Amino acid sequence: MNKELKFIVNGMLGHVAKWLRVLGYDTIYSTEMDDRTLIQRAEVDSRIVLTSDRQLYNIATRSGVRSILIEEADIEHILAFLSLRVGIRLKIDLTKTRCPRCGGLLTRIPKKNLKGRVPISILENHSVFFECKCCGKVYWPGSHLRNMSHLLNRAERIKRKMLNNLKERGDNIV
Ligand SMILES: [Zn+2]
């Protein structure tokens, strides 16, 4: 599994799409694409379909498109489950992180280019900034990033628990 995974996410799973982008995965999120278009797109780009819509999941699977039905409610469990199923990393690597809003690639941007675009207090207190090449949104590592890392640590613990449960039951992982 050397090639980076790519996803297409629909419906109510917008928060999952955001997380996958933060973790560095190329992820399309759509609430409007009809099932057929979505499955075609997944096929063309080799994307994994993530959905909580059982009907879409069934159609995708029947069409030979890799698809995962998301039934968990909270994001820690969903990320743990995806890590077990397809091996997503549960660590933020800022060199890979994509724009949570649009999925675009982020690049480092010097402070001097940000005057007027970011509040002065933020500019004074931070040294590293990223800009989305697609939508232009500016990001900087701060308390939000720490909170996200804590959540990922919880997801990692849940994953280990899930793995132990599977081993005890003698089940296969996938
Ligand atoms: Zn963006």
Could you give the nm distance between label points at GLU43 and ASN125, where each point is 7 Å from its Cα heading toward the beta carbon?
5.1
Whole Å is fine, so just give me how far the alpha carbon centre of region 1-76 lies from that of region 97-174.
20
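About the Cα centre, and with charges only on the beta carbon of Lys, Arg (+1) and Asp, Glu (-1), how big is the dipole of the chain? Nearest 20 debye, please. Please list the in-between numbers first.
Working: 31 positive and 18 negative charges, 143 e Å.
Using only the charged Cβ atoms, the result is roughly 680 debye.
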Which value, in Å² rounded to 10, gives the accessible area of GLU72 with a 1.4 Å probe and all protein chains present?
70
Could you check the spin-label model distance between HIS144 and LYS111? Points 7 Å from the Cα along Cα→Cβ, value in nm.
2.0
With unit charges on the beta carbon (Lys/Arg positive, Asp/Glu negative), name the residue among PRO100, HIS126, ASN165 whose Cα is farthest towards the positive pole of the charge dipole of the chain.
HIS126
Rank ILE120, ILE92, ILE28 by mean-square fluctuation in a GNM of the chain with C-alpha springs under 10 angstrom and give only the top-ranked residue.
ILE120
Sequence gap at least 6, Cα distance under 8 Å: using those rules, report the relative contact order of region 43-174 to the nearest whole percent.
22
What accessible surface, in Å², does a 1.4 Å probe find on THR61, ignoring ligands, DNA and RNA and rounding to the nearest 10?
70
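The values are calculated or read from the model by the stated rules, or taken from the named source; none is laboratory data. From a predicted model like this one, the values you see are computed outputs, not experimental measurements. Because the Cβ atoms are built from the backbone with ideal geometry, glycine has one as well, and the counts that use them run over all protein chains shown. Heavy atoms of the whole protein, side chains included, go into the accessibility calculation; ligands, DNA and RNA do not. Shrake-Rupley method; radii C 1.70, N 1.55, O 1.52, S 1.80 Å.
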